[in-house]
């Protein structure tokens, strides 16, 4: 265990709460939060926001919340403590509330039904920010103590390695796991994100990424550290998004590629007057995506990470040679997950080990070919899975966090993901990367989105099956001729992929099943494939 | 004491060495160091630089250097470990070498005489970077081990609170004190400087600030964290500086106001094609300085700090209202030392206490008037004075570091230094701030530089005396009429200052005595004043 005694002047806790205190000192009157696309719009300055945070702290104390207690928040993109995915089913939310042992639930009116069956005290917010709103009344409970005692009356957590946030993974397989992150890690990850995004007090961040997704990649804090303005949205509505991109001086946003497609293909989409940075994770940006975003004046930055790594843990760092490359080559280069992020200590690709193997981790060669598992260590790796020592032990076996993502290490030390270990297709004894296949199929100009999964095959064991959404501009050309398109795409694949990796089946579909965070649910596709 | 056991995957040391390892991974072929204004110019990429650092580590091990040992470096702006001021006299250097207990001296050929009388082993560098140079031979000693064992053969310091750098204060009064900073503090301060300066891989930093001054404010590391290129200079030569400003794509530099004067008043000075950021500390920038720098396309940023705070600890954060202000008002606003820097935890102004007083620290009111002492706490405050527990105890009495700088706290929470405690002039029982007087006298259009000290006065106890350097453009107008100029300046002062703060004496001088780091030596001026 860590024993940290605060007897030295030079050793201070690394706690992201310090960011808002500093912002409220330096830019008290600067706009911190814009929340306008609602019946009762609100705008908060750093000074007022800090005061509301102080009121909330006292209100929680008055409600009996003590250090270490969990407070659940079920809300759209407008609040954060122990965030719960609003897109889950009631029974899933109930599981998380029970597993987390939450002592209090702060819930938005739109999601009140998710907390209905809970025995835990519930505070509803009507998202008005006005007197009469139950959440505002709750804050008022804290205001008297707040006025009386101020910040001095609140004890800071004395251990920087204490839990900061409990965030549940989206759980594409099995029960969601509770990821415990620390104050120290949150502090460093937030500073790293602010630095990597080159944010400052002139920046405006648009909340498209859900805050319940890895605590919004620490951006709720990163923005405050940079004194940036945050624009919140209740829903991912592309008309609202374009309104803000065009009129709210937005400079940054984060989102998965599927969200980017929604952005660039919206009727309101046009070239932006000032450059905007889009931080993309979840899947590699395709050439088409890169080119479409660039046409709008949006610069894509490709990062990779997990809930267990506070969001971004690697970044595709732009090399000087990139400018001279063709779009195809640029996309190929940008598809790599890249190198360790700022404050991320170490990213390795090691030989995959059996479940209970205890041999030391061994790096794969830097040949861009040998498949291994990405493992990571450092201050921005989670502390543990909440109330799950078995899963924690398994994840940290060997002294590094095992991501479960299969990748190669290129000669320049950059990492490129080939697949989630469970998404690899074993075709005739060969490992076929579903991601690599998708990357090549996506280069067909008529493909908007594609997902590849394994399907049983009598001769080869497994063979790749591709599910494809056609590009709206070209869909009408292939109407009633899907079979011809399938032949065309297979031909396209044959020119680019080894035989065992070519899709045996191609299915044109109107949409793909996705998790609440925009990731394609391959488990669902595998079920569909199995039934065909 | 801190007990930190490294048993968790999520807890990693904060050590600025990690920056160069990461830079060498991500931008191995990018230029890290440019050192060209010498007979044997050298340019190093991040990859080669990292290799040289590894060689040096093994060479030091081979030379018998063990953890905790001090290695002294006496060199111009082209190296750093335990940096020693090259502008000191031999006996001062001898004192530092003895007090630090250095086990080895790395010395530049130009300063070899400073290490001549030492009994400690000396390695001379001829600054050639070529075979035959004794320093290169020393590195070669490490190369074989380096090739054999690589980074894996080097043990990282297991405690992030261990000493990183031992840097001696310039010591305007008494013996210089050895400031011990930590790895953790260096890591955070370097990231903070990179963020505050908004540096990135397109930045080029020009080394005007001496690296022996508070370890170059952690910029040797900050630049690497940002993947910026560093241009080193052996001496502060304004022709070389302008050559780099115009032709080396310089984006950032640091320096005291006196250095800035040298820059903007040089014959080569002209408007720069791209904006450059000048980070200024040591004294507040005057209206004249701000206007002259802005004419050259140089944006001044005012920071404040001490060797004991790793350099910058506060910054004058630009408010939106600044753009609409007159130059005079802007300068008045920019003269404040401002608010806590990124990662700096706390800056307070507290009532000045007697030497041995143990009452708790009490903040002065935020009225912009009440004089108190600046005290600080946080991760970027030094660990201790080396081998001087008495001085450490004194400096940390009350639980915060006592800066010795007298300041007021403005209603917006920003700090404004009035004076070093020893530079206050007690005139007729009133406290007159020599800095405030200088600020007003510097607004006279014919004043280039001014320094004000106390001089004994039979009636008032003390009265201010001003030493003035005339602006070169106007000096000829006043030739042979210094007495008339003195009357003119006194008149200028009377319109702006209370009677007790008006200079009783004005002396026009060709230059001012300065420390090696460009600070005006008021002790010398006081001696001159006493003798007049």
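The values are calculated or read from the model by the stated rules, or taken from the named source; none is laboratory data. In this text, all values refer to a predicted model and were calculated from it rather than measured experimentally. Virtual Cβ from ideal backbone geometry, glycine too; neighbours counted across all protein chains shown.
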Residue within region A:272-282 that is in contact with a helix residue (DSSP H, G or I) (Cβ under 6 Å, 6 or more places away or on another chain) and within 14 Å of another protein chain (Cβ to nearest Cβ) present: no
Verdict on residue B:469 being in a helix (DSSP H, G or I) and touching a helix residue (DSSP H, G or I) at 6+ places or on another chain (Cβ under 9 Å): no
Residues satisfying the stated conditions in region B:193-213, i.e. facing chain A (nearest Cβ under 8 Å) and in a helix (DSSP H, G or I): B:194, B:195
Some residue of region A:388-397 being outside the structural domain of residue A:187 (by TED's automatic domain parsing) and touching a helix residue (DSSP H, G or I) at 6+ places or on another chain (Cβ under 8 Å): yes
Unique residue being touching a strand residue (DSSP E or B) at 6+ places or on another chain (Cβ under 8 Å), surrounded by fewer than 12 Cβ atoms within 10 Å (Cβ to Cβ) and outside any helix (DSSP H, G or I) when the list is A:456, A:511, A:462: A:511
Strands (runs of 3 or more DSSP E) enclosed by region B:89-183 - at least 3 residues per element that are more than 21 Å from the chain's Cα centre (by Cα) and under 30 Å from residue B:308 (Cα atoms): B:104-108, B:122-125
Failed criterion for residue B:86 (all others in (1) modelled with pLDDT of 80 or more; (2) within 14 Å of another protein chain (Cβ to nearest Cβ); (3) surrounded by 17 or more Cβ atoms within 10 Å (Cβ to Cβ) hold): (2)
So residue A:130, is it surrounded by fewer than 15 Cβ atoms within 10 Å (Cβ to Cβ), more than 14 Å from chain B (Cβ to nearest Cβ), modelled with pLDDT of 90 or more and in contact with a helix residue (DSSP H, G or I) (Cβ under 7 Å, 6 or more places away or on another chain): yes
Search result, residues across region A:26-45 that are within 12 Å of chain B (Cβ to nearest Cβ) and either touching a helix residue (DSSP H, G or I) at 6+ places or on another chain (Cβ under 6 Å) or modelled with pLDDT under 90 (or both): A:27, A:28, A:30
Region B:323-338, residues that are buried (at least 20 other Cβ atoms within 10 Å of the Cβ) and within 13 Å of chain A (Cβ to nearest Cβ): B:336, B:337, B:338
Restricting region A:379-403 to residues that are under 19 Å from the mean Cα position of the chain (by Cα) and either under 15 Å from residue A:347 (Cβ atoms) or part of a loop (DSSP other than H, G, I, E, B) (or both), the residue that is farthest from the other protein chains (Cβ to nearest Cβ): A:403
Meets criteria (in a helix (DSSP H, G or I) and modelled with pLDDT under 95) for residue B:437: yes
Strands (runs of 3 or more DSSP E) wholly inside region B:13-74 that include at least 3 residues being in the same structural domain as residue B:191 (by TED's automatic domain parsing) and buried (at least 18 other Cβ atoms within 10 Å of the Cβ): B:31-35, B:71-74
Candidates B:186, B:146, B:125, B:137 - the one that is more than 21 Å from residue B:18 (Cα to Cα) and touching a residue at least 12 places away in the same chain (Cβ under 8 Å): B:125
Residue within region B:484-504 that is surrounded by fewer than 18 Cβ atoms within 10 Å (Cβ to Cβ) and under 30 Å from the mean Cα position of the chain (by Cα) present: no
Residue that is more than 21 Å from residue A:330 (Cβ to Cβ) and either in contact (Cβ under 8 Å) with a residue 12 or more places away in the chain or assigned to a strand (DSSP E or B) (or both), where the choices are A:267, A:273, A:285: A:273
Identity of the residue in region A:404-428, crowded, with 20+ Cβ neighbours inside 10 Å and within 12 Å of chain B (Cβ to nearest Cβ), that ends up farthest from residue A:163 (Cα to Cα): A:409
Any hit, region A:233-252, residues being under 22 Å from residue A:518 (Cα atoms), touching a residue at least 60 places away in the same chain (Cβ under 8 Å) and part of a strand (DSSP E or B): no
